[in-house]
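Everything on this sheet refers to the single structure shown next.
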Amino acid sequence: MKNVLKKLDVFAEQALGVIGLVGILVITANAFCRFVLKVPMSWSDELLRTIMIYGYFIGAALMFCHGDCMRLEIVDNALKNHKTAHRILNIVLAVVNAAFFGLMGYYVFQMVVQYIADGTTQSTSSTPAWILPFGCALGMLIIAVAAVVNFIKEVSPRKD
């Protein structure tokens with residue numbers, strides 16, 4: 001299981017790198033076409049917005065999975081010496097994160113399903129409206145799953 005999660009993590013990090021590179025290339029091509037060739041690329045803004053949303057939410061989820069996101073360092077450091085209190089804090093945080101991001105992900109997925117069922121498109125282009133919120137929902141789902149994994153780690157017996 002750990003090997004599969006590690007491979008998924010490496011894949012996600014590489015995918016985010018490719019997404020960033022594509023974004024840089026699209027911005028560069030758009031600037032060249034707009035200012036040198038005097039022919040703007042109308043689709044580039046929509047693609048860049050999509051890239052930014054997917055990159056932001058999936059990147060935030062990866063940071064959460066790695067434990068690199070912002071948290072209460074003062075409380076965390078104060079409880080490091082009190083293993084039981086630190087464990088309780090981590091369990092509470094895992095439950096809160098799983099519940100919050102699970103519910104938010106559920107509601108965003110419901111919105112995505114509704115957009116797909118209705119065939120709704122963006123007001124500025126013919127892009128399906130579900131594409132942008134799907135990136136948000138994907139990030140929230142990853143965080144909720146990571147919180148459940150953290151909860152399982154904390155409640156399972158330890159070999160100290």
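Points to keep in mind about this one:
- Using a probe of 1.4 Å, the accessible surface attributed to HIS66 totals some 80 Å² when neighbouring protein chains are kept in position.
- In this structure, the amide hydrogen of MET41, modeled 1.01 Å from its nitrogen in the peptide plane, lies closer than 5 angstrom to those of ARG34, counting only residues at least 5 positions away or on a different chain.
- Inter-label distance, nm, simple model (7 Å from Cα along the C-beta direction), VAL155/SER126: 5.0 nm
- Solvent-accessible area of the chain (1.4 angstrom probe, protein heavy atoms only): carbon and sulfur portion equals 71 percent.
- Normalised per residue, the accessible area of the chain is 70 Å², obtained with a 1.4 Å probe and no contribution from ligands, DNA or RNA.
- Exposed trypsin sites (Lys or Arg not before Pro) absent - longest run of the chain, DSSP non-H/G/I/E/B, at most 15 other C-beta within 10 Å: 81-157
- 3J(HN,Hα) from dihedral phi, the range 137-147, Karplus parametrisation 6.51/-1.76/1.60, rounded to Hz, x for glycine, proline: 5, 4, x, 5, 5, 4, 5, 5, 5, 4, 5
- Angle in degrees between helix 44-66 and the longest Cα principal axis of the chain, rounded to the nearest 10: 10 degrees
- Residue by residue, the range 76-85 carries 3J(HN,Hα) couplings of 4, 5, 5, 9, 4, 7, 9, 4, 5, 5 Hz when phi is fed to the Karplus relation 6.51 cos²θ - 1.76 cosθ + 1.60 (θ = phi - 60°); x denotes Gly or Pro.
- Amide H to amide H distances under 5 Å link THR121 with ALA129, where only residues 5 or more positions off or on other chains count and H is placed in the peptide plane.
- Extended-chain gain in nm, criterion 0.36 nm per residue less alpha-carbon gap, HIS82 and ASP45: 8.2 nm
- Angle in degrees between helix 2-35 and the longest Cα principal axis of the chain, rounded to the nearest 10: 30 degrees
- Shape call, the chain: gyration tensor on alpha carbons, a/c limit 1.5: prolate
The values are calculated or read from the model by the stated rules, or taken from the named source; none is laboratory data. If you're wondering where the values come from, they're calculated on a predicted model, not measured in any experiment. Here the Cβ is made from the backbone with ideal geometry for all residues, glycine too, and neighbour counts use every protein chain on show. For accessibility, only protein heavy atoms count, side chains too; no ligands or nucleic acids. Shrake-Rupley method; radii C 1.70, N 1.55, O 1.52, S 1.80 Å.
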